[in-house]
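Notes follow once the structure below has been shown.
The values are calculated or read from the model by the stated rules, or taken from the named source; none is laboratory data. Values in this document were obtained by computation on a predicted structure and should not be read as measured data. So basically every Cβ, Gly included, is an ideal-geometry build from the backbone, and we count neighbours across all protein chains shown.
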Amino acid sequence: MSSAAPKRSPRPVPRRRVRSARRSPGRGASGRVAGRASGKAARRASSRVAGRASATTARRREHPAVPPTPVSAGERVETPLVWLVLPAYNEAANLPPLLDRVGSAWTGVFPFRVLVVDDGSSDDTVAVAEAAAARVPVEVVRHGRNQGLAAAVRTAIREVCRRAGDDDTVVIMDADNSHPPELVPLMLARIFAGCDLVIASRFVHGGREEGVPWRRRVLSRAAGMLFRYLCPVDGVRDYTTGFRAYRAALLKALWARYGDTLVEAAAFSVMTEILLKARALRPRVAEVPLVLRYDLKEGPSKMRLFKTIRDYVHLLRRELRPRRLTA
């Protein structure tokens, strides 16, 4: 594996943009991302992720959820959004209770948007997601046919990068109601304190799993130990969880660097792949304890155990290949 880039001195995080009360028409439009894949843009985005000023971090620790005061009358500081991204396939039974929990826990606490990526569901996933728009701000992006979890995550990242501002936060979680949206305010506090990526972890103090079949528990722990030993990421114990919060600037920098190749792995190994590729940008990572409630999930599991094991082995071999060549 190639050596890490030389450490740079921290650069201040740019202050949140001050805009007039009239919202810019380009906000959230696809035109905002024209040219983001260029090498120059990727380098600028990487620099923003790598440099965190200590003064800014200290201010955010004091008031982690309070936006700064507007500079003058007639102008306002745009409040960062939280984007909840839900890749979904045949989740008509699970989306309504999950979105109800999101609305109850988040409404009035911070501004948010929900992006549901339907991967060609054969049930009423799209209908229930669109119906929920009366209660929470939901947008649905559809695949015409089922393409698998990796394709749904790729589409989700592409679409949210088109919509999100650099100061926004992107939360990716499972759509089966097994991940608690009530945990997100704690994850946001870590982001506002200076982290670039916050992982909801089953393997830190206070984390646990309820209702998960023992084979899946063994697989998660074994994969975590292997990746932690062979492909370590500072501060990470849970490599396979699908519940994470990203500083949007980090996710956009990753997309600018890799494009569609950010997601090359298959199915359930995709989240591990994204984490390993993020190492190139040297993000600051933290974990918070996750209580995974698999017992709240309706319907059968979509994970195929032996296929998932094969996918993890393939990903691990690919990650270790450069290390062997440069040894």
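Listed values, structure above:
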{"quantity": "Among the residues listed as Met173, Met187, the single one being among the aliphatic types (A, V, I, L, M), buried (at least 20 other Cβ atoms within 10 Å of the Cβ) and in contact with a His (Cβ under 6 Å, 6 or more places away or on another chain)", "calculated": "Met173"}
{"quantity": "Ile199 being in a helix (DSSP H, G or I) and hydrophobic (A, V, I, L, M, F, W, C)", "calculated": "no"}
{"quantity": "Near pairs, Cβ below 9 angstrom, 6+ apart or cross-chain, from segment 284-308 (assigned to a helix (DSSP H, G or I)) to any residue that is aromatic (Phe, Trp, Tyr) and at pLDDT below 95", "calculated": "Lys307/Phe268; Thr308/Phe268"}
{"quantity": "Candidates Leu226, Leu188 - the one that is of a type in the set (A, V, I, L, M) and either within 30 Å of Asp167 (Cβ to Cβ) or not in a helix (DSSP H, G or I) (or both)", "calculated": "Leu188"}
{"quantity": "Which numbered condition Arg228 misses (of (1) touching a Phe, Trp or Tyr at 6+ places or on another chain (Cβ under 8 Å); (2) closer than 26 Å to Gly148 by Cα; (3) modelled with pLDDT under 95)", "calculated": "(2)"}
{"quantity": "Matching residues in segment 99-127 - criterion: being within 16 Å of Pro80 (Cα to Cα) and free of Cβ contacts under 8 Å to residues at least 12 places away in the same chain", "calculated": "Gly108"}
{"quantity": "Leu254 vs. criteria surrounded by fewer than 22 Cβ atoms within 10 Å (Cβ to Cβ) and of a type outside the set (Asp, Glu)", "calculated": "no"}
{"quantity": "Single match in Asn94, Asn146 (criterion: surrounded by fewer than 23 Cβ atoms within 10 Å (Cβ to Cβ), of a type in the set (S, T, N, Q) and closer than 25 Å to Gly259 by Cα)", "calculated": "Asn146"}
{"quantity": "Test: Val204 is surrounded by fewer than 21 Cβ atoms within 10 Å (Cβ to Cβ), more than 16 Å from the chain's Cα centre (by Cα), under 30 Å from Asp123 (Cβ atoms) and of a type in the set (Val, Ile, Thr)", "calculated": "no"}
{"quantity": "Single unsatisfied condition, Val184 versus (1) touching a helix residue (DSSP H, G or I) at 6+ places or on another chain (Cβ under 6 Å); (2) within 24 Å of Lys277 (Cβ to Cβ)", "calculated": "(1)"}
{"quantity": "All positions within segment 238-257 that are in contact with a helix residue (DSSP H, G or I) (Cβ under 7 Å, 6 or more places away or on another chain), at pLDDT 95 or above and not in a strand (DSSP E or B)", "calculated": "Ala249, Leu250, Leu251, Lys252, Ala253, Leu254, Trp255, Ala256, Arg257"}
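Yes/no matrix, rows are residues, columns are (1) surrounded by fewer than 17 Cβ atoms within 10 Å (Cβ to Cβ); (2) modelled with pLDDT of 80 or more; (3) hydroxyl-bearing (Ser, Thr, Tyr); (4) farther than 29 Å from Gly165 by Cβ:
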position	(1), (2), (3), (4)
Val236	no, yes, no, no
Ser269	no, yes, yes, yes
Leu281	no, yes, no, no
Arg317	yes, yes, no, yes
